[in-house]
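Only one structure is covered here, and it is reproduced in the block below.
The values are calculated or read from the model by the stated rules, or taken from the named source; none is laboratory data. Since this is a predicted model, take the numbers as computed values, not measurements. No Cβ is skipped: glycine too gets one built from the backbone with ideal geometry, and neighbour counts run over all protein chains shown. Just the protein is used for accessible areas: all its heavy atoms, side chains included, with ligands, DNA and RNA removed. Shrake-Rupley method; radii C 1.70, N 1.55, O 1.52, S 1.80 Å.
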Amino acid sequence: MDELQPYRTGFHFQPPKNWINDPNGPMYFNGVYHLFYQYNPYGPLWGNISWGHSISYDLLNWFLLEPALSPKEPYDINGCLSGSTTILPGPQPIILYTGQDLNNSQVQNLAIPKNLSDPLLKDWIKWSGNPLLTPIDDIKPGQFRDPSTAWIGPDGKWRIVIGSEINGHGTALLYHSRNGTSWTRSKNPLYFSSKTGMWECPDFYPVSSGDKKGLDTSFEGNNTIHVLKASFNNREYYVIGNYDPIKDQFFVIGNDFMVSNTQFQYDYGRFYASKSFYDSANQRRVLWGWVNEGDSQSDDVKKGWSGLQSFPRSIWISSNRKQLVQWPVDEIHKLRTKRFNITNRELPGSVLLKIPSITASQADVEVSFSLTNLSEIELIDSEAIDPQILCSQKNASISGSDQSRSSIAQDVDKSIYGAFLDLDPLHEKIRLRSLIDHSIVESFGGKGLSCITARVYPKLAINEQAELYVFNNGTQSVTISTLNAWSMKEAQIVPI
Ligand code: DQQ
């Protein structure tokens, strides 16, 4: 705990100082988790963009290494922008990343580990044939970035998607390659949307229907469902569909991008430019996202740092195959310490109940409510209403709490977020889990069906001064079926 730095986190990934943004190329290789990220080694604002590199054995504690990529070559001198890793046969890990070149054109580059026998893969060398791809034809020089992890098709060719905007449409351009070094653009993109502008950080992967198991990005099987995620409008939108690897076509099932208020997002708060990877050690897909600051640039300069990574989340498809479910990886249990528990307690309307003995500023809280009286509920049409606007209008300023009351500071973002949760309160409990870590609150509604991440900058409720309450803002009683709150230990993030 740091009195002078009350907004630094205890168990979220952040380097000791400086700017970070997108997670890049997370992977599990030879018993080691690698996390790369957009990083400014020289200061707390965006610039000098390098690939920071940290490794972990448990996704909780991290060793910080020297940046894997720095902007030094004519093809990346203005920034080593986002990209991904792929483990080619060998096994041979590669990085594909976007370089912002001397003319500020975005080009795609390759890097490989210098020494495969180094278990930490500390040093990476840039390919002598860089750049591999330059923006030509209908691709604008500033709209060609963020190559995905590659997957292999039945013809033995590797495929990647790259974020772009073609003719004003958000597009996942598709490329194929036999060897990972020379790439050819496919005639058709994998997918595009006339409803959006530029797509950043596209991610494309299969999910296993019927269980929580993750699948390798190249997995192919009957009835496999695929997810396509694109980053735009500061949000992470995804669609679910079927992928035909022979024709290289993707068909969306259900809602397409931006056609409805119920279009799915990974997170309805602050969470962007995410990247998933297949964790072969635990047969799961793990998702990381960048959680930016909601304070001002001058605050970031004073703090000396900006940006967090979300706590890593397992991600799988719901049993009705309609949407994704996210849940903090189970390793988090190792950080839980002191616990407070409530079972079967009635919580009348307008009541605020203090949860004692927990370090509220660094906690993991799971609560489930059952509603006994649904006779006076208000009906709304979920198709016609934007949940964030609804929640902003009906904020909790009278008897509860929301982000609008998270700080007395004036110059921090206090937007109120909102999301719908698909559940039947007559037969299911209303469940909420929140990871509270000083200046970040990651909340998972309905066992992970809807997630909202927020940044908070309290002036008074910092460190030991923070308190935890469970409250009922309604007029009718609800029952707290169970509430478990744990104080959380600190994760170790240290240079090696
Ligand atoms: N951040 C990177 C880009 C990416 C954007 C630059 C998304 O590659 O499109 O730092 O946050």
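Quick notes
- Rounded if a/c under 1.5, otherwise prolate or oblate - segment 1-159, Cα gyration tensor axes: oblate
- For segment 356-456, the alpha carbon positions stretch 39, 31, 24 Å along the principal axes, listed from largest to smallest.
- For segment 167-211, the list of chymotrypsin sites (Phe, Trp or Tyr not before Pro) that fall in a loop by DSSP and count at most 13 other C-beta atoms within 10 angstrom is empty.
- Values of log10 I(q)/I(0), in the order q = 0.11, 0.15, 0.23, 0.24 Å⁻¹, for segment 405-496 under a Debye, Cα-only, solvent-free model: -0.44, -0.79, -1.42, -1.46
- Net charge of neighbours whose Cβ lies under 11 Å from the Cβ of Asp101, counting Lys and Arg as +1 and Asp and Glu as -1: -2
- About its Cα centre, the chain has a charge dipole of approximately 600 debye under the convention of +1 per Lys or Arg Cβ and -1 per Asp or Glu Cβ, with nothing else charged.
- For segment 359-464, the dipole from Cβ point charges (+1 on Lys and Arg, -1 on Asp and Glu) about the Cα centre works out to 340 debye, to the nearest 20.
- Local electrostatic count, Gly221, Cβ distance below 14 Å [Lys/Arg +1, Asp/Glu -1]: -3
- Sites Gln465 and Ala281, calculated FRET efficiency, Cβ-Cβ separation with R0 35 Å, nearest 0.05: 0.30
- Separation of the Leu45 and Ile389 label points, Cα + 7 Å toward Cβ, nm: 3.5 nm
- Prolate/oblate/rounded label for segment 262-306 (Cα gyration tensor, a/c 1.5): oblate
- Cα centroid of segment 105-158 to Cα centroid of segment 21-52, whole Å: 16 Å
- Accessible surface of the chain, 1.4 Å probe, proportion on carbon and sulfur as whole %: 50 percent
- Derived scalar couplings ³J(HN,Hα) [segment 321-326; Karplus, 6.51 cos²θ - 1.76 cosθ + 1.60; whole Hz; x for Gly, Pro]: 6, 9, 8, 8, 10, 10
- For segment 91-222, the relative contact order is 18 percent, taking Cα pairs closer than 8 Å that sit 6 or more residues apart in sequence and dividing their mean separation by the residue count.
- Surface exposure of the chain, expressed per residue as accessible area with a 1.4 Å probe, stands at 43 Å².
- Sparse-neighbourhood loop sites, trypsin sites (Lys or Arg not before Pro) in segment 43-127 - DSSP loop, at most 12 other Cβ within 10 angstrom: Lys72, Lys114
- Gyration tensor verdict on segment 68-156 (Cα atoms; rounded if a/c is under 1.5, prolate if a/b is larger than b/c, oblate otherwise): oblate
- For segment 46-62, putting each phi into the Karplus relation 6.51 cos²θ - 1.76 cosθ + 1.60 with θ = phi - 60° gives couplings of 4, x, 6, 5, 10, 9, x, 9, 9, 10, 8, 9, 9, 6, 10, 9, 10 Hz, in residue order, rounded to whole numbers and with x for Gly and Pro.
- Direction-averaged projected area, Cα convex hull, the chain: 22.6 nm², rounded to one decimal.
- Segment 1-128: relative contact order as a whole-number percent, Cα under 8 Å and 6+ apart: 16 percent
- Averaging 1/r over each pair of different alpha-carbon atoms in segment 19-107 and inverting the result gives 13.4 Å, the Kirkwood hydrodynamic radius.
- Sparse packing (at most 10 other Cβ atoms within 10 Å of the Cβ) combined with a DSSP loop state is found for the following trypsin sites (Lys or Arg not before Pro) in segment 232-286: Lys247.
- Span from the segment 285-301 Cα centroid across to the segment 329-371 one, whole angstrom: 26 Å
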